[in-house]
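The values are calculated or read from the model by the stated rules, or taken from the named source; none is laboratory data. Bear in mind the structure is a predicted one, so any value in this text is a computation, not a measurement. Positions of Cβ are generated from backbone atoms using ideal geometry, with glycine treated the same way; all protein chains shown enter the neighbour counts. Quick note on the areas: whole protein, heavy atoms, side chains included, nothing else; ligands and nucleic acids left out. Shrake-Rupley method; radii C 1.70, N 1.55, O 1.52, S 1.80 Å.
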Number of protein chains: 2
Amino acid sequence: MNLIILEPRKITPLYIQLYNYYKKQIEENKLQQSEKLPSIRGLAKDLSISKITVEKAYQQLASEGYIDNCDRSRYTVNKLDGFISKVTPLLIDHSYQNGTMIQTSKVLYDFSSGEMDIDGFDFSLWKRYVSKAFLHKERLVSYGNIKGEEELRTEIAKYIQKSRGVYTHSSQIIIGAGVQNLLSILCSILKLENNSIAFEEPGFKNGRRIFADNAFSIKPIKMKKDGIDMEELFSSGENLVYVSPSHQFPTGYIMPIGRRNQLLNWAKAKNGTIIEDDYDSEFRYYGRPIPALKGLDTMGNVVYLGSFSKVIPPSIRISYMVLPEKFLDIYQKKSSLYNQAASTIEQLALAQFMSDGHLERQIRKLRKLYYEKSRLFFDAIKNILGENVEVNANESGLHTILTVKSKLQARELVEKALQHGCRVAPVEDYYWEVAPQKLPQIILYFSKIPAAEMRTAMKRLKDAWFM
Amino acid sequence: MNLIILEPRKITPLYIQLYNYYKKQIEENKLQQSEKLPSIRGLAKDLSISKITVEKAYQQLASEGYIDNCDRSRYTVNKLDGFISKVTPLLIDHSYQNGTMIQTSKVLYDFSSGEMDIDGFDFSLWKRYVSKAFLHKERLVSYGNIKGEEELRTEIAKYIQKSRGVYTHSSQIIIGAGVQNLLSILCSILKLENNSIAFEEPGFKNGRRIFADNAFSIKPIKMKKDGIDMEELFSSGENLVYVSPSHQFPTGYIMPIGRRNQLLNWAKAKNGTIIEDDYDSEFRYYGRPIPALKGLDTMGNVVYLGSFSKVIPPSIRISYMVLPEKFLDIYQKKSSLYNQAASTIEQLALAQFMSDGHLERQIRKLRKLYYEKSRLFFDAIKNILGENVEVNANESGLHTILTVKSKLQARELVEKALQHGCRVAPVEDYYWEVAPQKLPQIILYFSKIPAAEMRTAMKRLKDAWFM
């Protein structure tokens, strides 16, 4: 046996020095399988250290499986099965490191995302609510209510009743960290009855993805100006459909009341289910918000999905869904398998923020801000892009679709825009099947473009596409 | 046509009164399909209101699909398709309302969850970090980096290198709102190559659930005292496995180094993938933490999953995974389909908290707290439950498994414990297939039981089961 040199003045504790020594001996095969280690008492005496030190070192080696004391007397070396002796740090591919960042730095104007205007939210007010929520210490040390905090569910019930005509009870509301999180849970309920889903085409791709991940087959149903094509839906034979009737994503179409009734009657006839994604209904700039389909749902066939990501900063990840009664029992049985994913402190802060009337104020403020911005936006399109594009200027939401009169493909337009400092997204990305071969279409959001720079930003698009 | 009575002094704006009037007329079929509405100018004159008021009312009706002006001259009533005229609020089943709460109120001691000791975290310190994070206003108005905030990924890379021997780069780290959230994303990558997964039996049920939801077939592999049964794994033909080698959940077994090497060699031979769930490795009370399997992974076959839910309050939903290089390209392509679900402000706060050394201090503090508690816990089991139970007292983590010498079924023991104010969970819940018919087994966590009441709590279990 080699000499063991321990260094008592080293910062590494003695037992770790001893542990390291034996570990190395075993890994380098200097101590082999079934070989005995010195007795604890003996080694302690030899090295003039305490028995406890030796014991700790041996216990650590045993915990990690290097040695064992099966016969309770002496520790022996275990079989190590082709130990990979040279543990080297993994080689790193640094090309990923700043991938996103490099791209971001080139983008001056981001038309591709409905993120919030930086002046759109009073962070100092929000901070006060976050601070107050720290009083609920007992709840913060726990995983939180699996459905979401009760206060917030109560406030949401009040809010959607008032603003969306949806009458429900907090017990039917489930909170999640974004719509995808909620859809994952919903899929586990729906798959008991369904293995396929009809989906608006084009439609909300990140929602559709969750169904595909959950092994649903996707049946795209084409969009018409008055909503999803009912004939196609009927003939598809599906009895589950995903729609965004208040402001279809991405087309922006609004489903008229007649089509809404047709859809509800379809669900009634088929004993089917409609998933209503009501992602930006707060932003109607003329008149009142379109009432939710869920508000007309007397049969309990509509699952309602709402999100706060457009009205408060989306970095606060809170969405919700209203389950109809027919799914409550199944949900109740499965709920313990899905942890609540939204931050408790943000849930509690939002509940009080809503209760004090700040959400309504915030929505009014944003609606005004975005209304003004939308006018600048559509004016800029008209005056700067002019006849080169067709635009579906509707009165809702934070985005529109441009049809670009260009021989270029949508992807080429995206690339050219990026070269001119503008990020845009092609509509074709929102198709499940191949997008129809027409003129290229681009989604443009205006929410993140500063009002004062709207024209400048639009000129860059013009330069990118038509110069 | 009926008389329209508008009330200018009512709080409801005139245009909404007008809108309500026509909406009702149409819904009650008093105005029928294709019937014309009065001209804007005419109606305004008749009612002595402004044209804008009439226009707003008509526009709202048109937006909702009640009327249309296809020929651009006069508005006509649309086809409504079997309108459900009596919209009544949904009936509510109040039995769900306080379901959870009623149950919770009976629970004096919760042995079923690894939630944190209420004195285990310095909330006032954390609050300061949350406040500081509000300075990043620009980032808070966005959806956030899809992989998670860069600062936090950098801190995590440092942390797992130091504490777990895992050498990686921040670009390989993905942050999520809990392990389930990350597993959903991981499934979408893994399913390109796999449609089934070998899983420890018993094992982490909420993780397994995500694979089942993603249509993976689950191949349970039984646990032995030295980790997953390698023979069974080999003969299963699987090349994807989920393990928790540092402290198997729920058995508490630690996978020895020999078995770790076998597992890595298995992955190498099969070009397979090991998912390592390292959920509570911080809590080794004797000796040093067991190094992670990922730290030995020279071939890049291990996906490493880590969580902060045991070291900071689990209401802060932040977990992470380390992707091996072989999955980075696929992830990069798919990443835009999955929104970041963890709160940005909590990510930024945690990054700075870690950078300032507070996480290490927090872990040391908790380790001490839980070490003391674990001694009280095991003493109480020995002295109070005594010969009535067998216990696998290991030196890690926040829980143990009790084998109860009772003729009752595990579920009956759970029920009896609840009647005595204690919540416990049966081990059989963690089996994918039917649990072996042996003596009933119960998981007991001690983390949430106040140290001073450990004996009292244990006496209640004794009363529940053996009196």
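Run through the DSSP bridge list for the protein assembly as shown and note the antiparallel percent, rounded to the nearest 5. If you can, show how the numbers build up before the last one.
On the way: 48 of 84 bridges.
So the antiparallel bridges amount to about 55 percent of the total.
Over the stretch B:312-377, with every protein chain in place, what whole percent of the accessible area is carbon and sulfur at 1.4 Å, could you tell me? List each step's numbers first, then the result.
On the way: 1100 of 2240 Å².
Its accessible area is 49 percent carbon and sulfur atoms.
From the protein chains alone at 1.4 Å, what is the descending order of accessible area for B:467, A:230, largest first?
On the way: B:467 165, A:230 15 Å².
The ranking, largest first, comes out as B:467, A:230.
Averaged over its residues, how many other protein chain Cβ atoms are within 10 Å of peptide A:328-337's Cβ atoms?
Numbers: counts 3, 2, 0, 1, 3, 0, 1, 1, 5, 10.
Average neighbour count from other chains, rounded to a whole number: 3.
Over the stretch B:289-399, calculate the relative contact order: mean separation of alpha carbon pairs under 8 Å at least 6 apart, over the residue count, as a percent.
Values: 51 pairs, mean separation 19.0, N = 111.
It comes to 17 percent, rounded to a whole number.
Counting only the heavy atoms of the protein chains, how much of residue B:460 is accessible to a 1.4 Å probe, in Å² to the nearest 10?
80
May I ask you to list the aspartates and glutamates whose Cα is less than 20 Å away from that of residue A:270, ignoring any residue fewer than eight positions away on the same chain?
The qualifying aspartates and glutamates are A:193, A:200, A:229, A:231, A:232, A:238, A:297, A:325, B:81.
For Cα pairs less than 8 Å apart in space and 6+ apart in sequence, what is the mean separation divided by the residue count of chain A, i.e. the relative contact order in percent? Each step should come with its number before you reach the end.
Working: 729 pairs, mean separation 84.7, N = 467.
So the answer I get is 18 percent.
Counting pairwise Cα distances across the protein assembly as shown, what percent come out greater than 38 angstrom?
Working: 218189 of 435711 pairs.
Percentage above 38 Å: 50.
Which entries of B:23/B:56; B:147/B:205; A:23/A:56 show an alpha-carbon separation above 18 angstrom in the structure shown? Working shown, then result.
Details: B:23/B:56 13 Å; B:147/B:205 25 Å; A:23/A:56 13 Å.
Pairs exceeding the cut-off: B:147/B:205.
Tell me what chain B gives for mean residue ellipticity at 222 nm when only DSSP H runs of n ≥ 4 count, each as -39,500 (n - 2.57), the sum divided by the residue total, rounded to 500 deg cm²/dmol. Before the final figure, lay out the partial values.
Details: 16 runs with 180 residues, N = 467.
Here the helix-only value at 222 nm equals -11500 deg cm²/dmol.
Can you give the average number of partner chain beta-carbon atoms within 10 Å of each beta-carbon in peptide B:293-304, as a whole number? Numbers along the way, then the final one.
Numbers: counts 0, 1, 3, 3, 3, 7, 2, 2, 0, 1, 0, 0.
What the average comes to for B:293-304 is 2.
Report, for the stretch A:150-263, the % of DSSP beta bridges that are antiparallel, rounded to 5. Can you show the working numbers first?
Values: 2 of 10 bridges.
Given both bridge residues lie in the stretch A:150-263, the antiparallel proportion sits at roughly 20 percent.
Rounded to the nearest whole Å², what accessible area per residue is found for the stretch B:240-331 with the 1.4 Å probe?
Values: 1770 Å² over 92 residues.
Normalised by residue count, the accessible surface of the stretch B:240-331 is 19 Å².
How many Cβ atoms of partner chains, on average, are near each residue of A:159-169 if near means within 10 Å of its Cβ?
Counting other chains' Cβ atoms within 10 Å and averaging over A:159-169 gives 2.
Which of the residues in the stretch A:112-131 lose at least 50 Å² of accessible area when you go from the chain alone to all protein chains together (probe 1.4 Å)?
Residues losing area: A:115, A:118, A:123, A:127.
Quick one: if you stick a label point 7 Å off each Cα along the C-beta vector at residue A:52 and residue A:235, how many nm between them?
Label-label distance for residue A:52 and residue A:235, simple model: 8.3 nm.
Once you order the gyration tensor axes a ≥ b ≥ c over the Cα atoms, which shape class does the stretch B:370-422 get: rounded for a/c under 1.5, otherwise prolate or oblate by comparing a/b with b/c? It would help to have the intermediate numbers written out before the result.
Details: a/c = 1.98, a/b = 1.67, b/c = 1.18.
The shape class here is prolate.
Could you do me a favour and compute the accessible area per residue for the stretch B:156-232, 1.4 Å probe, result in Å²? Before the final figure, lay out the partial values.
Values: 2400 Å² over 77 residues.
Value for the stretch B:156-232: 31 Å² per residue.
Nothing charged except the Cβ atoms of Lys and Arg (+1) and of Asp and Glu (-1): what's the magnitude of the dipole of chain A about its Cα centre? Round to the nearest 20 debye. Don't skip to the end; give the middle numbers.
Working: 64 positive and 53 negative charges, 162 e Å.
That gives chain A a dipole magnitude of about 780 debye.
To the nearest 100 Å², how much accessible surface do chains B and A hide from each other in total, with a 1.4 Å probe?
Details: alone 24500 and 24490 Å², together 39460 Å².
In total, this chain pair buries about 9500 Å².
In Å, the Kirkwood hydrodynamic radius of the stretch A:327-467 over pairs of distinct alpha carbons?
Working: mean 1/r = 0.0553 Å⁻¹.
Every distinct Cα pair counted, the radius reaches 18.1 Å.
Quick check on packing: order B:53-62, A:328-337 by the mean number of other C-beta atoms within 10 Å, highest mean leading.
Numbers: B:53-62: 21.8, A:328-337: 15.1.
Sorting B:53-62, A:328-337 by mean packing, highest first, produces B:53-62, A:328-337.
Might you tell me the accessible area per residue for the stretch A:383-456, computed with a 1.4 Å probe and given in Å²? Mind dumping the intermediate values first?
Values: 3670 Å² over 74 residues.
Heavy-atom accessible area per residue stands at 50 Å².
On a 29 Å Cα-Cα criterion, which of the cross-link pairs B:106/B:373; A:333/B:333; A:137/B:191; A:106/B:294; B:191/B:268; A:334/B:438 come out too long? Write out the running numbers ahead of the final one.
Details: B:106/B:373 24 Å; A:333/B:333 36 Å; A:137/B:191 41 Å; A:106/B:294 36 Å; B:191/B:268 19 Å; A:334/B:438 26 Å.
The pairs that break the limit, which is 29 Å between Cα atoms, are A:333/B:333; A:137/B:191; A:106/B:294.
Working from the alpha-carbon coordinates of the stretch B:290-391, get Rg over Rh, Rh being the Kirkwood radius. Walk me through the numbers on the way to the answer.
On the way: Rg = 19.3 Å, Rh = 17.4 Å.
Rounded to two decimals, Rg/Rh equals 1.11.
Over all directions, how big on average is the projection of the convex hull of the alpha-carbon atoms in the stretch B:192-241, in square nanometres? Let's see the in-between values first.
On the way: hull surface 13.4 nm².
Spelled out: convex hull of the Cα atoms, projected over all directions, averaged, 3.4 nm².
Starting from a Cα-only point model with no solvent, please compute log10 I(q)/I(0) by Debye for the stretch B:139-191 at q = 0.24 1/Å.
Result of the Debye calculation: -1.01.
Classify the stretch A:212-257 from the C-alpha gyration tensor, please: rounded if a/c falls under 1.5, else prolate or oblate depending on whether a/b exceeds b/c. Mind dumping the intermediate values first?
On the way: a/c = 2.42, a/b = 1.46, b/c = 1.66.
Oblate shape, in that a/c is at least 1.5 and b/c is the bigger or equal ratio.
Would you mind classifying chain B by shape? Square roots of the alpha carbon gyration tensor eigenvalues, ordered a ≥ b ≥ c; an a/c under 1.5 is rounded, otherwise it is prolate if a/b is larger than b/c and oblate if not.
Working: a/c = 2.29, a/b = 1.90, b/c = 1.21.
Judged from the Cα gyration tensor, chain B comes out prolate (a/c at least 1.5, a/b above b/c).
For residue A:158 and residue A:368, compute 0.36 nm times the residue count separating them, minus their Cα-Cα distance, and round to one decimal in nm. List each step's numbers first, then the result.
Working: separation 210, 0.36 × 210 = 75.60 nm, distance 2.31 nm.
Stretched fully, the residue A:158-residue A:368 segment lengthens by 73.3 nm.
Hey, what's the Kirkwood Rh for the stretch B:204-312 if you take every pair of different alpha carbons, in angstrom?
Values: mean 1/r = 0.0694 Å⁻¹.
Across the stretch B:204-312, the inverse of the average 1/r is 14.4 Å.
Go through B:271, A:145, B:336 and say which Cα lies farthest out towards the positive end of the charge dipole of the protein assembly as shown; charges sit on Cβ, +1 for Lys and Arg, -1 for Asp and Glu.
Of the options given, the answer is A:145.
Using only alpha carbon pairs under 8 Å that are at least six residues apart, calculate the relative contact order of the stretch A:391-467 and give it in whole percent.
Details: 92 pairs, mean separation 29.7, N = 77.
About 39 percent, as a whole number.
Share of antiparallel DSSP beta bridges in chain A, in percent to the nearest 5?
Once the DSSP bridges in chain A are tallied, antiparallel ones form about 55 percent.
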